[in-house]
Structure formats: structure tokens, C-alpha cells
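The values are calculated or read from the model by the stated rules, or taken from the named source; none is laboratory data. Only a predicted model underlies this, so the values are computations on that prediction, with no experimental measurement involved. Virtual Cβ from ideal backbone geometry, glycine too; neighbours counted across all protein chains shown. Side chains included, ligands, DNA and RNA excluded: accessible areas come from the protein's heavy atoms. Shrake-Rupley method; radii C 1.70, N 1.55, O 1.52, S 1.80 Å.
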Amino acid sequence: MEERYDFQRVEAKWQKVWEETSLYRVEEGGKRPKYYVLEMFPYPSGDLHMGHVRNYSIGDVVARYKVMRGYNVLHPMGWDAFGLPAENAAIRHGIHPATWTERNIANMRRQLRAMGFSYDWTREVTTCLPEYYRWTQWLFLLLFKNGLAYKKKAAVNWCPSCQTVLANEQVVGGLCERCESIVEKRELEQWFFRITAYAERLLEGLERLPGWPEKVKVMQENWIGKSHGVEVTFLAPDGTAVPVFTTRPDTLYGVTYLVLAPEHPLVERLVAGRPQAEAVREFIRRARQMSTADRTAAEREKEGLFTGAYARHPLTGEPVPLWVANYVLLEYGTGAVMGVPAHDQRDYEFARAYGLPIRVVIRPPEAGLEADTLAAAYEGDGIMVHSGPFDGLPNREGGERITAHLEEKGLGRRQVNYRLRDWLISRQRYWGAPIPIVYCPRCGTVPVPEGQLPVLLPQDVAFKPSGESPLQSCREFLETTCPQCGAPARRESDTMDTFVCSSWYFLRYTSPRQEDRPFDAQRVNYWMAVDQYIGGVEHAILHLMYARFFTKVLYDLGLVGVDEPFTNLLTQGMVLKDGSKMSKSRGNVVSPEEIMRQYGADTARLFILFAAPPEKDLEWSDAGVEGCHRFLNRVWRLVGSLRRELLEVKAEDAAVRAADRELRRLLHQTIKRVTEDIEERFNFNTAISALMELVNGLYRYRDDIPAADRHRGLLKEAVEKLVILLAPFVPHLSEELWHLLGHTTSVHRESWPAYDETALVTEEVEVVVQINGRVRDRLRLPVGLSHERAREAALAQERVQQWVAGRRVAKVVWVPDKLINSVVQ
């Protein structure tokens, strides 16, 4: 056995053996309970980064641990392979997106194998391959047939110079990232999924996910944005109803203005022929160039313009000025909001900025409140004032009475609103799953028959520097025949949002080679739901929401047996360097491949798991990597120094000495700590720390006890269980050591060790001895010793006698099993 651990030889050796023996291949059925662990699959950008290594190392520990605990574990990997970067590469380098993607996948697959992750590679899926996106298209048609996919006009980012639609991430500061032209908003026909039909179910389902982080559930709750309120009808000058949703009907008498979204269809009618018409139109043009995030950002200045028109207040009949403002969005609520500056801070700031009236209609119970002395909006409860017949009522009761009055008079109605909007899936891109729709002059919108799927992407296409999708000019693709009447027809040229592909991939893993349906019902119901899902918190809203939506639709249609896809969720933190997220632009990227070359995959895995709890951000440390590498070499040398002795161990009846009992206690304490840290908390860092303490304890035992006096049976048990406990974290080193210890089967198929409660009982403890509060000595005492016996033992110590000599012991304080303090005078 070499003196130094040759990680390159060992890692290559065992990766080859694992692959040749199909060690990680899994089948359905058997007596073992199933466990499905899944990390979010990557976009094949070309190289793994440290965020990938962290994500997949966490999942691999869980997978390996669960196998050793007797579970039938599904642990697959695949590729979220459609997306814009492949098209950009085609434009920049003249390489087809498919070729670029295939090369990247090959490289990243090699890197994943080199990390030693326990994936069942026979279940690999790639979303850009026809055998996968055929079923993505099938699922689109399923939603279409059930009224959950539809087409309507929607605003998109349009670059007039490039003559193409831009994704939100391609718009930087209102400019096209390619040519820096000002980006416009245009209305185009777009495909949507009706996710709003599931808003309430998506919200209620969160209550049945105790294994999800609370912060993620709150983020989803806020995105769905359920609110109870009243839709109140104001009347425009021409008698047109202007519905406004409010959650505060108690403040209705405090309305001093209304605000319309710049895109509201009423705006043009209101300003036509008025002096401010051109100014309003210019304001609308500027507002359309802003992103939704910019318009609604809390720190963004709220800008507006008076239309010159007034609406009629439903309760008072007073004229209420109609404004347009950048912070109101047509797609949220009704596209109109009421301004109550005395009782809403945003409205207050807008009113102060534009000199609009402020009317107090709720006063705090304990004090008066006047508009001219108001320094900020009062948003709390109180007594209603200046509210007609509702004066003097507590505002909650008054709000209920106002609502009832509005309903009685036909001026409003109770309503539940959701912030959630339908999912826009159309992308004017090439590298995505084609939408399986045909447009026929006779038959209209016609779904492609299932027997004609997949609708294939054409391979021989030209990518223009402008970025325009080549599908829009590819006659081979566009020109087809109507599936219903056979007449000439045109294909839909949009492709699907890549989130569609990732909204069901976890189902495909259960039967990835199924050719006649997206997944096998029996297999999907065996494996689903995913028991543990792992990924970045940046996916907390969109990906997780869409995956939940798909699962609920498929459950309703009887295709899967669960309506929530992920039972437990772990969102790992980022990997930082010098306090910042790793990025090429900052020059602080650490290459996983370089770390593997220099230290090995096991060192990379160990550091990434040891440096911080999984849910916290991790600060990269070169010294930390070195330390983990040294630890693995310590383990290697420890086993090497004892190997011959342990291989000769036979049954022994040697008496168990105090040192033996201490080693046994440490061993079972370690098994308990590591088990609980993995099983209950995913605190891999503290689990590894416990293993390091066990290694230190084994070295002490080896060095302090002569070979002839060692309890070799206990020593063999401790070393072998150390190797088993290390296996989920450092699989290559553990496998090599396991075989060097004389075993012929894989350590990764060993049962996880159980701890003995009786071995955890400590017979002696180290007690701190103080004189007048200062530490003067330490001694070992039996656990549970009485006050009097502890006092006698402490005062009998030679060093204590030196401090007490000639002085009176006035008092002795005994903290059982921890500390004894003698107060001397």
C-alpha cells in the first residue's frame, strides 16, 4: 500500500469498475422502499462550475446514504438543453446549436463521471432531442385539448433595428444588448398556458409541503398573490365603467384620484382632442419601453400625467381626476387603481409629488389626524371619518358595510384576485420545442395530430446576425398541409419556453426509453413523488411553480397518482470567492476540473460539503481545500499503518480497558452524529467534523496503546465503520480502503452502521477545577459524583493544595460533571 494516496489512479480505477458493473443502475420493484432523489438538471453551457459541484455533491451524499439505509434509490441526470445561448453561439461562431449543445453535453458528462456521482446514466434525458421534445409537444396538445393552452395578443420586447423579439434578459437598460437600439413594446399574438385556473390549488398545496423551506413557500404565496377585496365601478365621462379592485373598501371616501395603466384601452379615448393628448401619448411610449420590474420597483420614482378627464365617484358623485402612471400595469387587476394618499404610502408619495388632494377618512383611535399635518400615510386601523353615513364606525366594520352597500346598489362586488398571470410560453426563437399548431385558411387553428409528432426542427437553417429566428423564413418548415382538410397551411413558427421542457423531466426519468407515451403509468406511480429535490433558490418561483402546475394537470387527467411533484426541497446557497459570486467578469472563477487535477474529486466534494451548511452561502478557500486534502491523506495513512494488523484479526475475548471503552464510545457517538446530521438536518459539515474527530481518536488509540495491548477486534470495527461512514462523502477513497481491508464487494452496498445506545454512556468526565474563579487544574471524575465526593477529590489535588495552603475554604461550588470552584480566603 503506497505511503501517499494516489487519487488519480484510485479515482480512475473505481469509476471504470462502477461503470462496468452497472453499480448505480436501478430497477423498479422489490422489497426495498423507494427513494427518488433529484438535483435540478443543468443547462449544458460547456463546463461544470462550483455551483454545479455543490448541488450534485449534496444530492450524491443523500443518494448514497439512502442506498446504504436499504432504499431502492433513483438518482438520474440529464440536460435542460434548449435555450438562447446555443443560438448566440451559432451567430457568433457559425456553429449549429445542436452541434454546440452536443459537444457541451459530452464534456459536462465526462466531468460529472469524473466527480464520481452515483447517477444511473441509462436514464439520461436530453430535452433538445426529438425523442424528448416529441412528448413536450404531446403535453402541449393535451393542455390545448383541455382548454389550458390558448393564443392571445400580448406585449413583447421588440428591437426595430434587429427586427426581432428579445427576451427580457436581452434588454439592458431599455436597450437591445446586440445593437443598443431603444427597445419597443409591441403587441403580438402569443401562446399561453392557463395556469391561473390552478391558482387556488397551487396556493393550497403549499400547506401540504412541510418539507419545503418556509422562504420558498412565502415566495410562491406572494407570486400567486391572493387578495380578498371589492371591485368598485367608477364611471368615465362617456359613461364607460372603470372597474377598480381594492382590498380597502373602508378608504373609498378617501379617493382623490384614479390611475390608469398607460396601456389601458380607455386612455386614448380620454385624451383624444385634449391639449395634453400628445404629452400623454409620449408618456405612454416611454412607459412601454420600461420593463415590468423597473415600473413596479419600490425604489423607482412614480411618474404620472393627468389625462384632463374625470370619473364619477360611486358613493359621492364627486369628479375624480383620471391620471396615467408608470407603476400601474394593465395585466394586474383591472389596469386601474384608486389613489387614497392619506392611507397608502405609495399613493401619498405620488400625491405629494403632483400636488393632489389628501383626504383623511380613518383616524387612529387614540389621536386625531389631519391632512395638512400628515407626514406619511396612516395605514392602520381606526375610526372612520369624512365617510358620510359610515362616520364613527370602526374601519373594519365600516368596510364590510360599504361593500354591502355597493353590492346592493350594483356599484361593486366582492372578489378574490390573484397576482398570478397566465404563463406566456411563446418564444420567437429557433432552439426550442416547436409548438405543434398549424394555421389553415379554411379550418383556422389546427393541432398537429399525435401521429405526426414530433414536429422536427429543420437542421439546414441560416442564423442571421440580427438574431431573427430562422424558422420565420424557413419554407421547408413553415409550408405544410392542413391535417383536417389537406389544403396548404402554415406551421406555427414560435417555439416553447424552455421552462416547459423542465416542467415534466422528472416524470420522464421514470421510463426514459418509453416510445409510445411520455412515461409509463406504473413506473411513474412507483417512483413519484420526488422524495428530495435539490437546487438553487433562484428557481423558487418559476420552475417550481410550473412543475407543480404540470403535475396537477396530469393528476386531474388521471396520468399520474400525485398532485405535488416534490415532497422535500433543499435550496443550496451560492459558492462565493472574495465575498462575491464566482463569475468570469470578476475574474474569481475556480475551475472544478483544475481542482480535480490538483487534489482529486473526493477533495473537491469534501471541501464543498464541509465548508458550510448546504442552505448557506459558501466562501471558497484555497486553504480549506488543502486542509481537506490533508485529511484524506491522514485517513489513507491511518488505514495503511493498521492494515496488516487488522487483516490478521480473529475472534478475540480480550478485556475491554478504559482506552477501549473510550474508543468504542467515540465510534458510536460518531455513528449517531453522522446519521442524525444526514438524516434529520443535512448538516454535512458537522457530520464531516465528527468523522475528523473519530480519525483523531483512532490516531490517539494507535499511538497511545502498544500493539500488543490493543483490542484489535474493536480497532477493526472502528476503522471499517469509519470507511463506511466516509463513503457517501468521498466514494473513491472509501471504496479503495474497503477493498484494501480485505473485502470483495463494494462499500457502497454495505448497510449503514447502527449505534449502540449503551456505548454512548460516558463513565468519566473531565471537570474544570477553579480557585476563586480561575482555572487551576482539571481532573477526571466518575459521572454523577456527589458534591461531597467531588469536593474531596478536588482538594486532594496537589496543585489545588498549593493554592489553598494556609487559607480557609469558605465555599465550594459544584456544577455536576462540569466544574468545581473553591472560594478561599
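Rounded to the nearest 5, the antiparallel percentage of DSSP beta bridges internal to the chain is 75%. In this structure the amide hydrogen of Gln415, modeled in the peptide plane, comes within under 5 Å of the amide hydrogens of Gly229, Val230, Glu231, none closer than 5 places in sequence on its chain. Computed 3J(HN,Hα) for segment 97-106, one whole-Hz value per residue from the Karplus formula 6.51 cos²θ - 1.76 cosθ + 1.60 where θ = phi - 60°, is x, 5, 5, 4, 5, 4, 5, 5, 4, 4, glycine and proline marked x.
How would Glu645, Glu268 rank on accessible area, largest to smallest, probe 1.4 Å? Display every interim value, and only then the final one.
Values: Glu645 30, Glu268 85 Å².
Result of the area sort, largest leading: Glu268, Glu645.
Each other residue within a Cβ distance under 13 Å of Trp138 adds +1 if Lys or Arg and -1 if Asp or Glu, for a net charge of 0.
If you take all other residues with their beta carbon under 13 Å from the beta carbon of Leu647, and give Lys and Arg +1 and Asp and Glu -1, the sum is +2.
Expressed as cubic angstrom per residue, what is the convex hull volume of the alpha carbon set of segment 336-473? Don't skip to the end; give the middle numbers.
Details: hull volume 36.6 nm³, N = 138.
Taking only Cα atoms, segment 336-473 has a hull volume of 265 Å³ per residue.
For the chain, the solvent-accessible area of protein heavy atoms averages 44 Å² per residue (probe radius 1.4 Å; ligands and nucleic acids excluded). Between Thr233, Ala376, Phe350, the Cα set farthest toward the positive side of the dipole of segment 227-417 (charges on each charged residue's Cβ, about the Cα centre) is that of Thr233. Placing dummy labels 7 Å off each Cα toward the beta-carbon, the span from Thr247 to Thr745 is 5.9 nm. The apolar share of the surface of segment 227-417, taken as the fraction of accessible area on carbon and sulfur atoms (1.4 Å probe, ligands and nucleic acids excluded), comes to 51 percent.
Couplings 3J(HN,Hα) for segment 11-21, derived from phi with the Karplus relation 6.51 cos²θ - 1.76 cosθ + 1.60 (θ = phi - 60°), are 5, 5, 4, 6, 4, 5, 5, 4, 5, 5, 8 Hz, where x marks Gly and Pro.
With runs of 4+ DSSP H residues as the only contributors, calculate the mean residue ellipticity of the chain at 222 nm using -39,500 (n - 2.57) per run, divided by the residue total and rounded to the nearest 500.
Numbers: 26 runs with 302 residues, N = 825.
Using -39500 (n - 2.57) per qualifying helix, the result is -11500 deg cm²/dmol.
As a rough guide to protection, the peptides 386-392, 329-335 ranked by mean Cβ packing within 10 Å, highest first, stand as 329-335, 386-392. Distances between placed amide hydrogens fall under 5 Å for Lys226 paired with Arg419, all partners being 5 or more residues away or on another chain.
Ranked by the mean number of other Cβ atoms within 10 Å of their residues, highest first, the peptides 129-135, 542-548, 501-507, 462-468 fall in the order 501-507, 542-548, 129-135, 462-468.
Highest-first packing order for the peptide set 597-610, 414-427, 272-285, 211-224 is 597-610, 414-427, 211-224, 272-285, based on the mean count of other beta carbon atoms within 10 Å. The alpha carbons of segment 764-824 stretch over 31, 18, 17 Å along the principal axes, in descending order. Rounded to whole Å, give me the distance from the Cα center of segment 742-778 to that of segment 140-206. Segment 742-778 and segment 140-206 have Cα centres spaced 59 Å from each other.
Over the chain, the reciprocal of the mean inverse Cα-Cα separation, the Kirkwood hydrodynamic radius, stands at 32.2 Å. With a Förster radius of 60 Å applied to the C-beta separation of Arg475 and Arg643, the computed FRET efficiency comes to 0.25.
What the phi angles of segment 810-823 give under the Karplus curve with 6.51, -1.76 and 1.60, with θ = phi - 60°, is a coupling list of 7, 7, 10, 9, 10, 9, x, 6, 10, 8, 9, 10, 9, 9 Hz, glycine and proline written as x. Within straight-line reach of Lys217, meaning a Cα separation under 22 Å, sit the following lysines at least 8 residues removed in sequence or on another chain: Lys226, Lys552, Lys616.
Across every pair of different alpha-carbon atoms, what Kirkwood hydrodynamic radius in Å does segment 227-417 reach?
Values: mean 1/r = 0.0588 Å⁻¹.
Every distinct Cα pair counted, the radius reaches 17.0 Å.
Taking a ≥ b ≥ c as the square roots of the eigenvalues of the Cα gyration tensor, segment 398-551 is oblate, since a/c reaches 1.5 or more and a/b is not larger than b/c.
In the calculated pair-distance distribution of segment 643-760, the portion above 21 angstrom amounts to 37 percent of the Cα-Cα pairs. Filter the cross-link list Lys66/Lys672; Lys153/Lys185; Lys34/Lys672 down to pairs whose alpha-carbon distance in this structure exceeds 18 Å. The answer is Lys34/Lys672.
Between Leu235 and Val242, Arg312, the built amide H atoms are under 5 Å apart, and every one of these is 5 or more places off in sequence or on another chain.
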